[in-house]
Structures are given as structure tokens and as C-alpha cells.
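Note sheet for the following structure.
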Amino acid sequence: MEEREGEVRWDGLCSRDAATRAAVLDTIGQAVLRRSETIAPVAAVPPTRAADGLLVPAARDGLSEVLARLLMLSKRCPFPDVREKSEAILGGVQELGIRIPRPLGHGPSRFIPEKETIQVGNEDAMMHTLFADSFATLGRLDNVTLVMVFHPQYLESFLKTQHYLLQMDGPLPLHYRHYIGIMAAARHQCSYLVNLHVNDFLHVGGDPKWLNGLENAPQKLQNLGELNKMLAHRPWLITKEHIEQLLKTEENSWSLAELIHAVVLLTHYHSLASFTFGCGISPEIDCEGGHTFRPPSVSNYCICDITNGYHGVDEIHASPTGSIPVKSVCEVEALMEKMKQLQECRDEEEASQEEMATRFEREKRESMFVCSSEDEESAPTRDVSRHFEDTSYGYKDFSRHGMHVPTFRVQDYSWEDHGYSLVNRLYPDVGQLLDEKFHIAYNLTYNTMAMHKDVDTSMLRRAIWNYIHCMFGIRYDDYDYGEINQLLDRSFKVYIKTVVCTPEKTTKRMYDSFWRQFEHSEKVHVNLLLVEARMQAELLYALRAITRYMT
């Protein structure tokens, strides 16, 4: 093994065989200690100081990146032997007088107290299998997985779908898949996902020059930029002409199968960016912002942490289920009472088709005026914005500037009757995987609402799903949109619209302000509905345009 970070072979750590993992760890340990010994004398003499006045003795010869990776493995690997050996290697480096990294932040989410998430090493047998599968395929157990595991059935479907899209046989080469993931995540300035896929892109042999900006990527990928931005922000504008442009550009043209693969990847990562921001996913331990080489202060965090937004655990996290105000308890009761009343009204009378259409148009119009008091334009950071063009292009409501978009009627084009078969025909098995994921998210229930058990939550789940589709102009003829205003209060609508349309503007205050008395697992469940409803809405517009091109 070469003693350079880029050439250290970590792959064997993903093996299910303990002996293979032990051999790889021994090799890594020897290489790290050899490299550390060459640096140790520097740390022993009167210390040199970096520009910021703080010691950085490990930042030589790529050692700091290796140590950060070992820190991640010591905290996040599902295999106990890897966690223990990684910690031991770090201890050996520290004994040589070299500063080792420590994690920043507290757990996989900035919104959810670490003690309320599943701790690696304390998971049950089913979750351990999921963790091991995730680690074996990705080479990491990422923070998205550690939050999604509140809902193991969904996580299993999600990981299976993502693995197929990124790593199994398909129309697009591996490095294109990761680059498209970067393009999609960058539309929402999601540096968390961009960083993960930059590493994956390089790992599968992607050209580093492409990472300097979209203009350095092949023309074929540059041509995808327009579809990427419309799908992310205004999918209702996509027409068959946009599809034709991509399929008929001679030497840089896309095949139909390649385009379907690209569209599924774009929609997957747009919606995953929504989940990342909606659940306050923290940077990975081994990525920028996930660790520091600075020493902790007496109170466990130093002034540099505070300026970066890291505070004490108690200050950051106030559990919504800790001490529940009386008003919040009443909110649960009131919501359950509304659900009961709506069910009784359904049984007694049914609104006419004209009235149903009017209620949809009213809800669609009202959704345009739902915005947060914190809704400010934020310029994307350069390191993310270089992966896409036209940084000023963002979400716009239908009626802005006099623009009118016809209602998309699900009765005319639906996922079940049209989209599913088109995807499955051009990219076999993916339609089935997506369909399973949509159904699990939509039907997932534990029949609970906060502290109440044996509750039928189907009406509430349908209201959330249909409200998201309503924001995209998508209408179900058989749904009474008057129910949405009864079931979703303003703070909840603000959260939904922000996470779905402008996820980068989501704040902890928004997360805390809706459903204050509900469990964190229930708020994560809401995010799964947002992810899948958004992905399906984007797919419907893109697939309808492809269908129109083909007919």
C-alpha cells in the first residue's frame, strides 16, 4: 500500500469477513504510524504555528485526511472491530505527540438531539443488517441513513433504489451518475451531497477537471443543465421541445434510456436535498465542517466552534416532546377532532365536481402566498454554484409575472398508469423500485399521533401528499382540497413549502414550530412524504414531456 491518502485502500473494510477487515486495518495502521513518526519530531521541537496561530501538525503529507477518515470509522462503522481498531490507531498517533481530530456538532442531525437517534453499536438486528448493507455498498454509514433509520422499512427501499441507480448496470457510466448527482444537489446549494458525490466521482475515475465548473464537463452533460434547473425549480415549464433538444443534438445527443436514467437521478437528488435540509443533516465526520483539529476547551467547545454555529448540546436541542406546553397537547386533540369531523362530513355528503375544482384552484392560489418571514434571497457559495449555470434561476410560483400554467390532471397522466411503465420499459426494474418506494412512503403508518395510539392517519398523510402536488399544479379529481386547510396549519405549510421548493432556506425554528408535540420520528416521517411527493411531481412533468415527444 502506498502511503498517500488518495492511494490508501479502504475498500476491504466493507468486507463481511472479519479476517479481511483485520488485515486491511493492520496495513492501514502500519502506514499511518510510519507516516506519523516522520512528522512527530516536528511536533516535539518548539512548535511552528499556522497562519491562524494554532498548531496543525497532522496537516502534512495527506495525514489529516487519513486521520479524519479513521475518526469517522471509529464513530460510524457498523462493525465493532473496525471501530475499535480505528480508535486504537488514532490513539497511537496521539501518543506520538500529533494532534488528532475530534467530531464537531452532536449527532447526525442539527435538529434532533443525538440521544434520540439510533446510536451506532446499539442498533437491533434488523437495523444492523441495514447499516452493514449501507456500509458495504457506500463505504460509509452516512448521516442521512442514521436519520432515515427511524423508519427501517422505508430506508431499506431507499438504499436499494439508490444502489441500483448509482452502481448497478444501467445506461449511464458510473462517473456520469455521480456528476449528475452533484449537478442536482448543487441546484439547492446542498454542499453535504455535493461533497459526498465529489468523493465518489473521483473514486470511480471521474476527471477532476470537471469539478472546476460545469463548463469543463463534456457538452453532453452541459446540455442537461437546462433540464436540471427546470426540474428543480419550475418543472411545469418542461415541454417535449426540451426533450427533443437533448435527444437530437447529433454527437452530443442522449439516448432515451440515458435520459430516463438522468431524469431519475436528477429528481432523486433534488428531493434528497430537501430531506437533507428538512432534517438538518450534519456534515459527515470526515468532511469539511464535520471535524476539527483544534483542542476542546474546558467546557467541551471552544470559541471557534461557537462562531461556526456549534453550541452546547443543551442549548442546541430542545426536544419537542420534553415538557409539552398545554397548548401543544390541545393542538393534537384539535387535529384529531378535525380528522373525525371531516370523515363524518365525507360520509354524509360529497361536493360536486365543480366545487371540488374550485377548491383546488383556491388552494393552489393560496399556496403561492405561503412564505416564511425568514424568506430571504441567499447567494449560492462559489464552491457549490460552479456545478450549475444560471444561479439566479430559482423557484417561482405559477402566477408570478402574469404567467399561467394549466392544471396537471392526474386522471390524464399518472405515475401508476403512464410513468411507471415508461420508466420500466427504458430502464428495467427502476420503475418497480420507485413504485415500491412511493408506496412505502405514502402508506407508512404506526397508527400513532404524538401520544395517541390506534389512530388512522391516512387522511392526514393524503393531505400532506396532495398539498405538495397542489403546489406543483397537480390535481386529483377525487380529492376535496378543502381538507388541506382544515388539517395543515400555517406553520406546517411554511415548513412544507420551504423544504420542497427552497430547501436551502429551511431553519431549525421552522422545524421546531410545526407539530411541536410530535416525536422526531414523526417529523422525519413527514420529510419522507415530502421527498417522495416532490420526486413524483418532478417525474410526472418530465415523463409526460418524454411521452409527448415519443407519440
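Each reported figure results from applying straightforward, stated rules to the coordinates on display, with no laboratory input. For clarity, every value in this text was computed on a predicted model and none was experimentally measured. Using ideal geometry, Cβ is built from the backbone for each residue, glycine included, and neighbour counts are taken over all protein chains shown.
If we sort 486-498, 182-194 on the protection proxy, mean other Cβ atoms within 10 Å, highest first, what's the order? Kindly include the intermediate steps, with their values, before the conclusion.
Working: 486-498: 19.5, 182-194: 25.4.
For the peptides 486-498, 182-194, the packing ranking is 182-194, 486-498.
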field: Amide proton proximity set for Phe408, modelled H, under 5 Å, gap of 5+
entry: Ile474, Arg475
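State the extension gain, in nm to one decimal, for the chain segment bounded by Ser15 and Glu84, taking 0.36 nm per residue of separation less the distance between their alpha-carbons. Intermediate results must be reported in sequence, preceding the final value.
Values: separation 69, 0.36 × 69 = 24.84 nm, distance 1.62 nm.
Separation in residues times 0.36 nm, less the Cα-Cα distance, equals 23.2 nm.
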field: 3J(HN,Hα) from dihedral phi, region 281-295, Karplus parametrisation 6.51/-1.76/1.60, rounded to Hz, x for glycine, proline
entry: 4, 7, x, 4, 4, 8, 9, 4, x, x, 8, 8, 9, 6, x
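Take each of the peptides 414-423, 122-131, 282-291, average the number of other beta-carbon atoms within 10 Å over its residues, and list them starting from the highest.
On the way: 414-423: 17.2, 122-131: 14.2, 282-291: 20.6.
In decreasing order of mean packing, 414-423, 122-131, 282-291 become 282-291, 414-423, 122-131.
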message: Give me a comma-separated list of calculated 3J(HN,Hα) values for region 206-215, in order, Karplus coefficients 6.51, -1.76, 1.60 applied at θ = phi - 60°, integers in Hz, x for any Gly or Pro.
response: x, 6, x, 4, 4, 6, 6, x, 4, 5
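For region 89-143, give the magnitude of the charge dipole about the Cα centre (Cβ charges: +1 Lys/Arg, -1 Asp/Glu; no others), in debye to the nearest 20.
Working: 5 positive and 7 negative charges, 65 e Å.
Dipole about the Cα centre, nearest 20: 320 debye.
Which three semi-axes in whole Å describe the equivalent ellipsoid of region 462-513, each the square root of 5 times a Cα gyration tensor eigenvalue, listed largest first? Intermediate values should be presented prior to the final figure.
Working: eigenvalues 96, 33, 7 Å².
So the three semi-axes of region 462-513 are 22, 13, 6 Å.
Can you give the alpha-carbon Rg of region 432-551 over 2.2 N^0.38 Å, where N counts its residues?
Details: Rg = 15.2 Å, N = 120, 2.2 N^0.38 = 13.6 Å.
For region 432-551, the normalised Cα radius of gyration comes out at 1.12.
Decide, for region 103-145, between rounded, prolate and oblate: order the square roots of the alpha carbon gyration tensor eigenvalues as a ≥ b ≥ c, take rounded if a/c falls under 1.5, and otherwise choose prolate if a/b is larger than b/c, else oblate. Provide the component values of the computation, followed by the final result.
Working: a/c = 2.58, a/b = 1.48, b/c = 1.74.
Judged from the Cα gyration tensor, region 103-145 comes out oblate (a/c at least 1.5, b/c at or above a/b).
Compute the projected area of the convex hull of the Cα atoms of region 112-226, averaged over all viewing directions, and report it in nm² to one decimal place. Working shown, then result.
Numbers: hull surface 33.2 nm².
That works out to 8.3 nm², a quarter of the Cα hull's surface.
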query: Under 22 Å from the Cα of Lys85, which lysines turn up, not counting those fewer than eight places away in the same chain?
result: Lys75
query: How many percent of all Cα-Cα pairs in region 408-501 sit more than 20 Å apart?
result: 49 percent
query: Given the convex hull over the Cα atoms of region 67-148, what projected area results after averaging over all orientations, in nm²?
result: 5.6 nm²
query: Counting only residues 5 or more places away or on other chains, whose amide H sits under 5 Å from the amide H of His291 once H atoms are built in the peptide plane?
result: Leu104
query: If we count every other residue with Cβ under 12 angstrom of Tyr179's Cβ, Lys/Arg +1 and Asp/Glu -1, where does the sum land?
result: +1
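Mean 1/r over all different Cα pairs, inverted: what Kirkwood radius does region 189-234 give, in Å? Kindly include the intermediate steps, with their values, before the conclusion.
Working: mean 1/r = 0.0852 Å⁻¹.
Value: 11.7 Å, from the Cα pair sum.
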message: Could you check the spin-label model distance between Lys453 and Cys345? Points 7 Å from the Cα along Cα→Cβ, value in nm.
response: 3.2 nm
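For Glu366 and Thr249, what does the FRET efficiency come to when R0 = 51 Å and r is the distance between their Cβ atoms, rounded to the nearest 0.05?
Details: r = 41 Å, r/R0 = 0.80.
Using R0 = 51 Å, I get an efficiency of 0.80.
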statement: Using the Kirkwood radius over Cα pairs of region 158-278, the Stokes-Einstein translational diffusion coefficient at 4 °C and 1.567 mPa s, in µm²/s and rounded to a whole number, is 89 µm²/s
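In region 239-284, how does Rg compare with the Kirkwood Rh, expressed as the Rg/Rh ratio over alpha carbon atoms? Write out the running numbers ahead of the final one.
Working: Rg = 15.1 Å, Rh = 12.5 Å.
Checking Rg against Rh, the ratio lands at 1.21.
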